[in-house]
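Values quoted throughout were computed directly from the atomic coordinates according to the rules given, and no laboratory measurement underlies them. The structure presented is a predicted model; accordingly, all values stated were derived computationally and were not measured. Note: ideal-geometry Cβ built from the backbone for every residue, glycine included; neighbour counts use all protein chains shown.
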């Protein structure tokens, strides 16, 4: 699998083998492929073909492929299975975090049926309790499979525990140390276990200085802690500090990427999580809301401009600089809100009062407004646009930049205080309002000066 | 350190201890703090205070703090040390990837002096060879410290090797298996080593199915492979498939975040990597370029509008819908380019020809243009804006959305082919051109119809 890419040729070759049901050949290829690659192949398969390939996979690989599928592909794939089959052929072999993700994608009724079909009562209770946590909190991101050892054990007992859990816990990075009541006391790295003597007490080698999170800690905070301290996994505890799960780097990496994508899409005016590969109508549907809000904003602006019809008729050059002032206000607003949104997302904006931050934003806006107005003034003087209109442009440009910058910084901060996603401030509604504001400032100034 | 946050009170308490040089108290606090937290504290210290705190840290923690500092803080901090001190007090204790990062931040002359001051010739040769790789390629991200074992060894020898390397390699996740010529053959997980007997041959338990990258593989591809296959570390090989380093999840997590931040800032028109906490003039400087390009675009638009002065004088309502058509073209363009940019960044846009993708974008744009024009038509009919101007708005809106969408999708794809960062397409230059295009379409239509 060294430096392997799924090429078009490879994908066609596999498809041919699937269609001709060349089982031995296929089995050997599938054996060498990573679940993520098989999942990628599934996207070019018909349902029948995907089901045939599934039948050639062992339990572990089958559930790994399922976990790697895109949600919409997984949904249509699972429709070929009964609730009982989903429970017995998939859920029972899945790690708890993947199982919970799968259950939360089903409609509640079917999820209930699937859980009821699980034979192991302890397992179904565990999944039910895990489903209670919000998707984007530590409890929703964690898996319950982990290796934990008692502080009173020695390294031999610890190795034995790893052996017994080895099948269930696919990736072991750290061993968690607990007391008799399951209270998290610390960690031991696998490296230390490899190097220690079998008779060494865990209490002698464990590290008590451990970073943990609560089940209700937000995904953002989990990500920021793991990134800050370079953690490969972070333990999750309940309110009594009892160890209930762990979150590994790969889940957090996915989370970070999804959050960044969401903020990016908000800024570019796309309302759903879409990809280039999605269907035309999905892409179109994701993009229409912003366009329609923008259209509405445009109609509003036409009404504002219409209100100043006389001024324009008297002085047509007033129309020339309308787009300039609007766009500049819009740009300045997007800049200041996106810096605040990014700061909140990366946790570099720390708690505190809003006023000093607005003061700073005012200073930044003041400098930028002065520079831009000076350039506009210079242009007005060397060109032949006229003295009066130059004054109007300079004053309104100056006010629009300052006003839009302050609003741009204020809105995400306020949204964040009310626990609303601050990225909304970079969305179409606010940016369209900003444009209208610039336009209004422009005409009011024009009315006053001309 | 459980659920520890650096509060203002804590930071002031530490600062007081530093100023009064309460050494024993401080040493015990510092001992319990993670290097990342100490680095955070450094940002509120004067240089003198930072140097005093440094003197209380052991070698390992000192270099870890240095590696965690923000680049600008690190730069001013290192100015208090001679090249010889930088080599002996810092570089010699650092992991190779941090050492290379540090050297590349120094000016080339000083970097040369520092390397010359390293006593261990092998170490200086290694760093010199690592500095040759581009920052954003696998070779620039990797560390050379890793645990490798010969395929002919047994588990006992492997454990012994881990013991000997334990001090140099702080985090061990995987043991790399090589032949006598250092050719990468596979991996053994620490879990397998813990569970295997001491006499077991490595050749019996190693996994030959290993994903690796070349030293010149791009950081994006490294990140996408590690994310796709959920790898905690990835081995880096040279052209002869010899193992030369490894990249761990934390470095890739930082890389992914930085790349996402860059794309976000490009989209919001910010030209440098800035944070809310930066100085006013830094923030201002990062934001002025886009504003000035926008200003230039505004002046251009005033000239375009000026060219249609007569049309506006004859029919003032033409001015009313100017911002609408401009903004809609701009919005549609940003949407289509940001989807392509994100697709390229996440590797969901696969290689292939441009034409089918433009065809798809055309379909999406067609639907959106039809819907928006239909809404505009409806508005024109129910309001009293007039029959002719409604026709102008609908036709130009339709053309502007389609044209801007196609350009928006085409430009990042073309930039990518020429190995230029496709995110540039979401930058101010292209978006301003898009606005002008919409304006031009509007007036040409207006001129033809009215």
Study note, to complete from the structure: Helix A:23-32 sits off the longest principal axis of the Cα atoms of chain A, rounded to the nearest 10 on a 0 to 90 degree scale, by 70
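Taking a ≥ b ≥ c as the square roots of the Cα gyration tensor eigenvalues, with a/c under 1.5 meaning rounded and otherwise prolate when a/b beats b/c, else oblate, which class fits chain B? Can you show the working numbers first?
On the way: a/c = 2.96, a/b = 1.82, b/c = 1.63.
Prolate, because a/c is 1.5 or more and a/b exceeds b/c.
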Practice item. Can you tell me how much longer the chain between residue A:163 and residue A:20 gets when fully stretched, taken as 0.36 nm per residue apart minus their C-alpha distance, in nm with one decimal? Key: 47.3 nm
**Study point:** For the protein assembly as shown: rounded, prolate or oblate by the Cα gyration tensor [a/c cutoff 1.5]
**Key:** prolate
Point to revise | Copies compared at residue A:199 - label distances in nm, ascending, label defined 7 Å from Cα in the Cβ direction | key: 2.2
Review point. Stretched out fully, how many nm does the piece from residue A:29 to residue A:207 gain, at 0.36 nm a residue minus the Cα gap?
Key: 59.7 nm
Practice item. Go ahead and estimate [θ] at 222 nm for chain A from helices alone: -39,500 (n - 2.57) per DSSP H run with n ≥ 4, summed, over the residue count, rounded to 500. Key: -20000 deg cm²/dmol
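How large is Rg over Rh for region B:286-335, taking Rg from the Cα atoms and Rh as the Kirkwood inverse mean of 1/r across Cα pairs? List each step's numbers first, then the result.
On the way: Rg = 13.3 Å, Rh = 12.4 Å.
Computed over Cα atoms, the ratio is 1.07.
Between residue B:418 and residue A:152, what is the FRET efficiency for a Förster distance of 60 Å, r being their Cβ-Cβ separation, to the nearest 0.05? Could you put the intermediate results ahead of the total?
Details: r = 64 Å, r/R0 = 1.07.
Efficiency, rounded to the nearest 0.05: 0.40.
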Check your understanding: Given a Förster distance of 41 angstrom, what is the FRET efficiency for residue A:132 paired with residue B:240, based on the Cβ-Cβ distance and rounded to 0.05?
Key -> 0.15
Exercise for review: Could you give me the percent of Cα pairs per 5 Å distance bin for region B:215-273, shortest bin first, beginning at zero and ending with the bin that holds the maximum distance?
Suggested key: 4, 17, 24, 19, 15, 10, 7, 3, 1
Review point. How far is helix B:249-267 tilted, in degrees, relative to the longest principal axis of the Cα atoms in chain B, given as a value from 0 to 90 rounded to the nearest 10?
Key: 20
Study note, to complete from the structure: Two pseudo-spin positions, 7 Å from Cα along C-beta at residue A:11 and at residue B:145, lie apart in nanometres by 4.2
Study note, to complete from the structure: By the C-alpha gyration tensor axes a ≥ b ≥ c (rounded if a/c is under 1.5, else prolate when a/b exceeds b/c, else oblate), the shape of region B:280-449 is oblate
Exercise for review: Please identify which residues in region A:67-103 have an amide N closer than 16 Å to a label point set 7 Å out from the Cα of residue A:116, following the Cα→Cβ vector.
Suggested key: A:82-88
Study note, to complete from the structure: Scoring chain B by relative contact order with C-alpha pairs under 8 Å, at least six apart, yields a percentage of 10
Study note, to complete from the structure: Most fluctuating of B:423, B:67, B:196 in the GNM of chain B (C-alpha, under 10 Å) is B:196
Study note, to complete from the structure: If one compares the long axis through the Cα atoms of helix A:322-345 with the longest principal axis of the Cα atoms of chain A, the angle in degrees, nearest 10, works out at 30
Check your understanding: What nm distance separates the two modelled labels at residue A:384 and residue A:55, each placed 7 Å from Cα along Cα→Cβ?
Key -> 8.4
Check your understanding: In vacuo Debye scattering of region A:383-450, one point per C-alpha: log10 I(q)/I(0) at q = 0.12, 0.15 Å⁻¹?
Key -> -0.41, -0.56
Revision key, fill the gap. So the FRET efficiency between residue A:377 and residue A:72, C-beta based with R0 = 60 Å and rounded to 0.05, is 0.65
**Study point:** Cβ-vector label at 7 Å, residue A:109, separations to other copies in nm
**Key:** 7.9
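For region A:92-231, give me the percentage of DSSP beta bridges that are antiparallel, rounded to the nearest 5 percent.
Working: 8 of 11 bridges.
So the antiparallel bridges amount to about 75 percent of the total.
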Study note, to complete from the structure: If one builds a Gaussian network model of chain A from Cα atoms under 10 Å apart, the most fluctuating residue listed among A:237, A:222, A:299 is A:299
Practice item. Shortest first and in nm with one decimal, please list how far the residue A:51 label point sits from its counterparts in the other copies (point 7 Å along Cα→Cβ). Key: 7.6
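Considering all projection directions equally, how large on average is the shadow of the alpha-carbon convex hull of region A:137-282, in square nanometres?
On the way: hull surface 43.5 nm².
So the Cα hull casts an average projection of 10.9 nm².
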Check your understanding: Can you work out the base-10 log of I(q)/I(0) for region A:107-164 at q = 0.25 1/Å, using the Debye formula on its C-alpha atoms alone?
Key -> -1.00
Review point. Of the residues B:154, B:238, B:119, which exhibits the maximal mean-square fluctuation in a Gaussian network model of chain B defined by a 10 Å Cα contact cut-off?
Key: B:119
Check your understanding: Using the Cα atoms of region B:8-135 to build a convex hull, what is its mean projected area in square nanometres?
Key -> 7.8
